[in-house]
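**Student:** Pasting a structure here, questions to come.
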Amino acid sequence: MYAQSIRSTGKAVQSLEDMSAEDRQFQERINRGEKIEPKDYMPAAYRENLIRQIGQHAHSEIVGQLPEGNWISRAPTLERKANLLAKVQDEAGHGLYLYCAAETLGVSRDDLFGMLHTGKMKYSSIFNYPTLTWADMGAVGWLVDGAAIMNQVPLQNTSYGPYARAMVRICKEESFHQRQGFHIMIAMAKNGNDEQHRMAQDALNRFWYPSLMMFGPSDKDSVHSAQSMAWKIKMNTNDELRQKFVDATVPQAEFLGLSIPDDHLNWNEKTNQYNYSEPDWNEFNDVLAGNGPCNTERLDARKKAWSDGAWVREGMMAHAAKKAERKAERQAV
Ligand code: FAQ
């Protein structure tokens with residue numbers, strides 16, 4: 001029902017020689033590291049690809065509030081509750097900056113939501129997994145925000161100005177989120193009792209591979225990477241960032257006294273990085289096709305929020321119309 005299956009654009013990256021004069025000038029601006037701004041010339045496919053990526057990113061931030069929002073009322077202390085509440089509010093803010101960035105490309109917010117609700121646009125697969133215990137709040141902050149930062153720090157240098165600028169603030173906030181998650185993990189895995197340590201390990205076991213999936217399919221299966229990297233919409237390949245994440249996270253797990261659930265994980269002296277097992281790509285494709293454990297629940301929650309909020313949107317539109325009418329009357333006098 002909520003199909004999000006991978007589809008190929010089937011387009012190869014064009015060489016400068018094969019481009020129209022306008023497209024060549026555009027590509028040369030990108031190659032020089034210039035920022036593209038909303039009113040500048042851009043090829044239709046650049047615009048389309050950016051709307052796709054920024055829209056999916058915005059949806060991920062908004063849907064991403066759901067697994068954690070569920071735990072605000074059950075946080076173990078007032079301080080943890082305040083921190084989690086602030087984090088979830090930040091995610092809403094990230095979604096809003098990103099919707100604004102997408103709107104500068106000429107798509108309306110109503111259309112973006114419509115595409116989310118009908119399954120035409122994706123959100124990150126990670127948010128289709130349930131958060132079963134308080135330790136999952138630690139794992140989400142540590143791993144999910146950790147993976148998000150790994151992917152988003154390079155996007156501060158993306159070619160589209162409004163997207164790159166939104167990323168600066170988002171990354172600062174994501175960094176606080178990662179630390180609040182790691183702090184929960186320290187309390188449970190390092191300083192907690194045996195049962196809390198077991199809960200932390202269980203959360204790591206369940207969130208490890210879904211976090212690796214956040215970076216997208218392996219490079220050989222990535223549909224958009226080549227063109228997106230040529231346009232600097234994406235700064236690294238999926239596998240490059242996944243590897244960086246593994247290399248940064250394994251020592252953190254060791255510090256916590258937790259084991260990464262991968263029997264094949266080992267340090268490779270030659271490459272100076274960890275060898276690790278790839279996620280189960282069948283599971284990834286299944287989650288994208290709408291069959292993850294929480295796909296239906298997450299989309300239903302978003303659709304309900306949209307219809308429950310209709311009266312607010314209508315009220316604000318009526319107020320704006322009234323204000324515009326009064327302004328026009330004043331100007332007519
Ligand atoms: N889940 O050709 P590629 C966060 C789709 S924010 C679902 O490699 P691309 C904050 C992809 O869209 C997390 N779909 O695609 C937070 C495409 O389908 P399409 C989100 C996925 O775009 C933390 C198809 O597969 N971050 O977590 C996924 O070059 C905690 C083929 O893939 C961003 O969005 C996936 N994991 O690379 C909030 C960052 N992976 O569109 C709350 C910006 C791939 O053709 C709590 N986005 N697909 O139908 C990106 O960097 C890229 O879009 C990738 C995917 C790397 C996600």
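The values are calculated or read from the model by the stated rules, or taken from the named source; none is laboratory data. Computed from a predicted structure; not experimentally measured. Cβ placement follows ideal geometry from the backbone for every residue including glycine, while neighbour counts extend to all protein chains displayed. With ligands, DNA and RNA removed, areas are computed over all heavy atoms of the protein, side chains included. Shrake-Rupley method; radii C 1.70, N 1.55, O 1.52, S 1.80 Å.
**Student:** Is it the case that residue 169 is more than 10 Å from the ligand (Cβ to nearest atom), modelled with pLDDT of 95 or more, of a type in the set (D, E, K, R) and out of contact with any Leu (no Cβ under 6 Å at 6 or more places or on another chain)? If you could, list the steps in order and put the result at the bottom.
**Tutor:** On the way: more than 10 Å from the ligand (Cβ to nearest atom): yes; modelled with pLDDT of 95 or more: no; of a type in the set (D, E, K, R): yes; out of contact with any Leu (no Cβ under 6 Å at 6 or more places or on another chain): yes.
No: the conditions fail for residue 169.
**Student:** Taking the range 172-200, which residues are open to solvent by 70 Å² or more (accessible area, probe 1.4 Å) and among the acidic types (Asp, Glu)?
**Tutor:** Listed by number, the residues that qualify are 194, 195.
**Student:** Just the residues that are open to solvent by less than 50 Å² (accessible area, probe 1.4 Å) and polar (S, T, N, Q), please, taken from the range 241-257. Give the derivation first.
**Tutor:** So the first thing to find is which residues in the range 241-257 are open to solvent by less than 50 Å² (accessible area, probe 1.4 Å), and the list is 241-243, 245-250, 253, 256-257.
If the condition is that a residue be open to solvent by less than 50 Å² (accessible area, probe 1.4 Å) and polar (S, T, N, Q), then 243, 249 are the ones that fit.
**Student:** Residues 151, 236: which one is touching a Pro at 6+ places or on another chain (Cβ under 6 Å), in contact (Cβ under 8 Å) with a residue 12 or more places away in the chain and not charged (D, E, K, R)?
**Tutor:** Answer to the selection: 236.
**Student:** Within the set of pairs 6+ apart or on separate chains, which have a first residue in the range 57-79 that is under 18 Å from residue 98 (Cβ atoms) and within 13 Å of the ligand (Cβ to nearest atom), a second that is among the charged types (D, E, K, R) and part of a loop (DSSP other than H, G, I, E, B), and C-beta atoms under 8 Å apart?
**Tutor:** Matching pairs, first to second residue: 59/122.
**Student:** Can you say whether residue 41 is more than 12 Å from the ligand (Cβ to nearest atom), among the aromatic types (Phe, Trp, Tyr), in contact (Cβ under 8 Å) with a residue 24 or more places away in the chain and within 29 Å of residue 159 (Cβ to Cβ), as far as the supplied structure shows?
**Tutor:** Values: more than 12 Å from the ligand (Cβ to nearest atom): yes; among the aromatic types (Phe, Trp, Tyr): yes; in contact (Cβ under 8 Å) with a residue 24 or more places away in the chain: no; within 29 Å of residue 159 (Cβ to Cβ): yes.
No.
**Student:** Sort through 295, 268, 272 and tell me the only one that's open to solvent by 40 Å² or more (accessible area, probe 1.4 Å) and polar (S, T, N, Q). Don't jump to the end; show me each part of the working.
**Tutor:** Values: 295 fails: open to solvent by 40 Å² or more (accessible area, probe 1.4 Å); 268 fails: open to solvent by 40 Å² or more (accessible area, probe 1.4 Å).
Sole residue among the options that is open to solvent by 40 Å² or more (accessible area, probe 1.4 Å) and polar (S, T, N, Q): 272.
**Student:** Another question about this same structure. Can you pull out every residue in the range 192-225 that is assigned to a helix (DSSP H, G or I) and within 9 Å of the ligand (Cβ to nearest atom)?
**Tutor:** Let us first name the residues in the range 192-225 that are assigned to a helix (DSSP H, G or I), namely 194-213, 219-221, 225.
Matches in the range 192-225: 210, 213, 219, 221, 225.
**Student:** May I pose another question? Can you run down the residue pairs with Cβ atoms below 9 Å, 6 or more apart or on separate chains, where the first is in the range 210-223 and among the basic types (Lys, Arg) and the partner is surrounded by fewer than 15 Cβ atoms within 10 Å (Cβ to Cβ) and at pLDDT 95 or above?
**Tutor:** Final answer for the pair search is none.
**Student:** Still on this model: Output yes when any residue across the range 141-160 is more than 14 Å from the ligand (Cβ to nearest atom) and in a helix (DSSP H, G or I), and no when none is. Explain how you work it out, then say what you get.
**Tutor:** Taking the range 141-160 first, the residues more than 14 Å from the ligand (Cβ to nearest atom) are none.
Looking through the range 141-160, none of the residues is more than 14 Å from the ligand (Cβ to nearest atom) and in a helix (DSSP H, G or I).
**Student:** Can I ask one more? So which of 104, 131 is of a type in the set (S, T, N, Q) and either free of Cβ contacts under 8 Å to residues at least 40 places away in the same chain or open to solvent by less than 30 Å² (accessible area, probe 1.4 Å) (or both)? So that I can check it myself, show each step before the final result.
**Tutor:** Working: 104 fails: either free of Cβ contacts under 8 Å to residues at least 40 places away in the same chain or open to solvent by less than 30 Å² (accessible area, probe 1.4 Å) (or both).
Unique residue meeting the criteria: 131.
**Student:** Can you list the helices (runs of 4 or more DSSP H) lying wholly within the range 47-127 that have 1 or more residues being β-branched (Val, Ile, Thr) and out of contact with any Lys or Arg (no Cβ under 8 Å at 6 or more places or on another chain)? Break it down stepwise before answering.
**Tutor:** Working: elements: 65-69, 78-103, 109-117.
Helices (runs of 4 or more DSSP H) meeting the threshold: 78-103.
**Student:** Could I ask something else about it? Restricting to the range 201-240, name every residue that is of a type in the set (A, V, I, L, M), under 19 Å from the mean Cα position of the chain (by Cα) and open to solvent by 10 Å² or more (accessible area, probe 1.4 Å). It would help to see each step written out before you state the result.
**Tutor:** Start the filter on the range 201-240 by keeping residues that are of a type in the set (A, V, I, L, M), which leaves 203-204, 212-214, 223, 226, 229-230, 233, 235.
Cutting the leftovers down to under 19 Å from the mean Cα position of the chain (by Cα) gives us 212-214, 223, 229, 233, 235.
Scanning the range 201-240 gives 214, 223, 229, 235.
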